[in-house]
Amino acid sequence: MEFSDKQRQLLGLLADGDFHSGTVLAEQLKVSRAAVWKQLQSFITLGIEVNAIRGKGYRLESSLSFLDAGLINTHLSASLQRQGIDIAIFEQCDSTNRYLMADARQGVASGKVCLAEYQTAGKGRRGRQWVSPFGQNIILSILWRFELGTASIAGLSLAIGVAVIRALKNQGIADVGLKWPNDLVWQARKLGGILIEVSGETGGPCAVVVGLGLNGFLSAKAAEDIQQAWVDLKHITGQSSLDRNRLTAELLNTLFPLLAEFEATPLSTYLHEWRQYDCMLGKTVTVLLHNQKITGIVKGIDDDGLLLLQDTQGRVQAFSSGEISFNTALS
Ligand code: BTN
């Protein structure tokens, strides 16, 4: 769905999160009150929550700051500003990862960024859906081309997690940890996730799309479909609004140099830092592997970034894929 001009205008008027009377909104938009109400209803499908209070009017459950390429640019590092980044911003798209994977097939250059206010088919890991209401979260993908083929990017997914933590720390958001391979976690609740998709040959050049979803604000209603414990930046920081343009720029400021240097940097550099943010070390967990479940104690990661798990017989196994779930009954 593309917004009509009136819908866009209405959202702009409500963006401050304050109450606006239906009569005043109708006058400002030069439409009837019923038309205002109808447009507000249309926002519901995008996960935009509107409170209506008799005598006060309408207000958004959470204020909105729209993504803006100009504002993002002002917060980019001097070198990224000089370099210039191709950023596509969508009010709505199916999936920013899917969009850039299609671009990759069309030969689009390395370094293209795609952002969206809303995804109709956001992709999570292991075929799951990524839930994100309109205009509240970070929905970011970057297309990157690597010269040396898929073998050269082993460990990239862990390194990306490190770059995201660096960006959060630079914004004063501390205490966020990593859950292997790269979930962003705060106090055992998921703040964000990373989905890396690759196309190309094992030996030849390959194109990678790095997708990041970070929860800025999720209402309980918006999160109804999320199957695991979650948290958002609004809760962590205690701040009522999140400057997504600034945070997006900070993420690009840490992700771009890391992607540019990755092939020439020993993986140990990133793994060393990753270990400092490991929030699962020593915990009893269950690893889901295809149809198998293995319970054990996390012993960290090995020098290739594989997960080390000690089973009940004391044997340590390394896992290259799978998903860990906290085992609250045992830990
Ligand atoms: C996970 O399941 O933990 C990974 C979630 C990744 C979500 C992001 S949002 C931006 C990009 N576009 C997608 O469709 N998915 C990723």
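The values are calculated or read from the model by the stated rules, or taken from the named source; none is laboratory data. These numbers come from a predicted model, not from an experiment. Reconstructed Cβ throughout: ideal geometry from the backbone, glycine too, with neighbour counts over all protein chains shown. Ligands, DNA and RNA are stripped out before the accessible areas are found, and what is left, the full protein with its side chains, is counted by its heavy atoms. Shrake-Rupley method; radii C 1.70, N 1.55, O 1.52, S 1.80 Å.
A few comments on the model shown:
- Among the listed pairs LYS179/LYS221; LYS179/LYS299; LYS179/LYS283, those beyond 20 Å (Cα-Cα): LYS179/LYS221
- Accessible area per residue for region 217-331 is 52 Å², calculated with a 1.4 Å probe on protein heavy atoms, without ligands, DNA or RNA.
- Value of D in µm² per second that Stokes-Einstein yields for region 41-106, Kirkwood Rh from Cα pairs, at 10 °C (1.306 mPa s): 103 µm²/s
- Highest to lowest packing among 160-173, 5-18, scored as the average C-beta count within 10 Å: 160-173, 5-18
- Cα-based convex hull, the chain, per residue volume (Å³, whole number): 146 Å³
- Ligands, DNA and RNA excluded, the heavy atoms of SER42 present near 30 Å² of accessible surface to a 1.4 Å solvent probe.
- 3J(HN,Hα) from dihedral phi, region 246-260, Karplus parametrisation 6.51/-1.76/1.60, rounded to Hz, x for glycine, proline: 5, 5, 4, 4, 5, 5, 5, 4, 9, 6, 4, x, 5, 5, 5
- Heavy-atom accessible surface of LYS283, to the nearest 10 Å², is about 80 Å², with a 1.4 Å probe and all protein chains retained.
- All C-alpha pair distances within region 284-326, sorted into 5 Å bins from zero, spread as 6, 26, 36, 24, 7, 0 percent across the bins.
- Heavy-atom surface analysis with a 1.4 Å probe gives the chain a carbon and sulfur content of 49 percent of its accessible area.
- Look at the dipole of region 80-219 built from charges on Cβ: of LEU214, GLN187, GLY204, the Cα furthest out on the positive end belongs to GLN187.
- The residues VAL198, VAL50, sorted by heavy-atom accessible surface at 1.4 Å with ligands and nucleic acids left out, run VAL198, VAL50 from largest to smallest.
- Long-range Cα-Cα pairs in region 238-331 (distance over 23 Å), rounded percent: 44 percent
- Of the residues LEU115, ILE72, SER32, the one whose Cα sits farthest toward the positive end of the charge dipole of region 16-121, with +1 on the Cβ of Lys and Arg and -1 on the Cβ of Asp and Glu, is SER32.
- Each residue of region 272-285 was assigned a 3J(HN,Hα) from its phi angle through the Karplus curve 6.51 cos²θ - 1.76 cosθ + 1.60 (θ = phi - 60°); the sequence is 4, 6, 3, 4, 5, 9, 5, 9, 10, 3, x, 8, 8, 9 Hz, with glycine and proline shown as x.
- For the chain, the dipole from Cβ point charges (+1 on Lys and Arg, -1 on Asp and Glu) about the Cα centre works out to 760 debye, to the nearest 20.
- If you take all other residues with their beta carbon under 10 Å from the beta carbon of VAL231, and give Lys and Arg +1 and Asp and Glu -1, the sum is +2.
- Prolate/oblate/rounded call for region 5-60, Cα gyration tensor, a/c under 1.5 rounded: rounded
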